[in-house]
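For reference, the structure discussed in these notes is given below.
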Amino acid sequence: MSIDRDLVTLCAGLAVPLAVGAVLAPFRATLPAVDAALCLVLVVVAVAAGGKRAGGYLAAVSAAAWFDFFFTTPYDQFVIDNRDEIETTVLLLAIGIAVTEIAVWGRRQHLAASRRAGYLDGVRAAAQAVAAGDSPAALTERVSQELSTVLSLRACRFQAGMAGIGEPARLQQDGQVTVPRRSWDADRDGLPQNIDTELLAESGGLLQGRFLMRAGPGSHPTREQRLVAIALADQVAAALAGTHRAGQL
């Protein structure tokens, strides 16, 4: 049975501060309120570490609410009479929100670094195939697979010596996408869904062929991903051009 991690995070953000507050409440006569607040901050940090903003925010609000309920006078009411305790509650909420934003940013950076590592692995694999002297068919098949992964394609195939046939969209060398007879914003709209997109493999101004790509559902590659795809196609073009030159000697 699959578990919705977002739902688990939301439930933890709501329930764990309550549980911690209830456990600490019997000791509030000897436990300073600031110490209780620090314990609740740790709870928010633990929930926010998952990188989900909604869960972190909910944990921050829950922690502030239960701190008010259990550790500010009058006890066991959502009322605060003491100005210092009001400030502590507000700081607890603010710190919880700040920690959540830092955690979300950190998780995004980690995921971006992981994606870049994956892209580099793909480029490295293609370069190794070129260096190993793989046959043109094997090389273009390998790069077609890498392109499918990088761009979230439904299908990708290489056609030697072709360009423009069938009026496809085109992934340009600068990472932009052009579509016949209309404007297209790849950063906003991703790859076209209803037509093929071609990526030319050119070396030294000479056309070696094209990768004809059909975007998968929701294919929305970033500019960085599109530039990686172009680098892969350039490697194929250079290898094919070298093969043709060798065959002419």
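Results, tabulated for the structure shown:
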| read-out | value |
| --- | --- |
| DSSP bridge orientation in the chain - percent antiparallel, rounded to nearest 5 | 90 percent |
| Isotropic mean projected area of the C-alpha convex hull, the range 134-248 (nm²) | 6.8 nm² |
| Listed residues 195, 152, 173: farthest to the positive end of the dipole of the range 134-248 (Cβ charges) | 195 |
| Cβ charges +1 (Lys, Arg) and -1 (Asp, Glu), total dipole of the chain, debye | 900 debye |
| Neighbour-count ranking [beta-carbon atoms within 10 angstrom, fewest first] of 18, 7, 212 | 7, 18, 212 |
| Excluding exposed DSSP-loop chymotrypsin sites (Phe, Trp or Tyr not before Pro) (at most 14 other C-beta within 10 Å), longest clean stretch of the chain | 79-249 |
| Positive-end residue of 232, 41, 216, charge dipole of the chain with Cβ unit charges | 232 |
| Proxy reagent accessibility, fewest Cβ within 10 Å first, across 198, 101 | 101, 198 |
| The chain - Rg and Dmax from Cα coordinates, angstrom | 27.9, 93 |
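Taken together, the values in this text are just the output of simple stated rules run on the coordinates, not laboratory data. Every value quoted in this text rests on a predicted model; they were computed, and no experiment measured them. We place every Cβ from the backbone using ideal geometry, glycine too, and count neighbours over all the protein chains shown.
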